[in-house]
Amino acid sequence: MVIGSALRPITPATAAGMPRGGLTAWIRREVVQRSAWLDDQQVLSGGFALSQLVLGATNVNLSVFVVAQLEMRQRRGWPAHHRS
């Protein structure tokens with residue numbers, strides 16, 4: 001364990017318990033920052049929290065949540081990048 005790793009700055013992602021690296025963080029970057037499909041609050045409080053509660057792999061559950069949100073937007077006639 002690196003001693004400095006305990007002194008990392010607290011960001012909204014780390015404060016919510018989301019890992020800084022790995023596939024879950026990559027999904028968040030792609031969905032929130034790069035594509036702007038969902039905002040940070042939707043991913044952290046909705047998707048990430050729900051994906052940990054449901055049985056199965058967190059990354060798969062988070063991906064299913066994102067796709068379900070995009071599908072819901074499409075059915076309502078909103079563009080994928082629209083934020084409500």
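The values are calculated or read from the model by the stated rules, or taken from the named source; none is laboratory data. This is a predicted model, so every value here is computed, not measured. Cβ coordinates were reconstructed from backbone atoms using ideal geometry, including for glycine residues, and neighbour counts include every protein chain displayed.
Laid out as a table, the results:
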| quantity | calculated |
| --- | --- |
| Flag if Ala16 is modelled with pLDDT under 85 and surrounded by 11 or more Cβ atoms within 10 Å (Cβ to Cβ) | yes |
| Filter result (in a helix (DSSP H, G or I) and either at pLDDT below 85 or farther than 15 Å from Ala68 by Cβ (or both)) within segment 39-52 | Asp40, Gln41, Leu44, Ser45, Gln52 |
| Condition met for Ala6 (outside any loop (DSSP other than H, G, I, E, B), modelled with pLDDT of 90 or more and loosely packed, with under 13 Cβ neighbours inside 10 Å) | no |
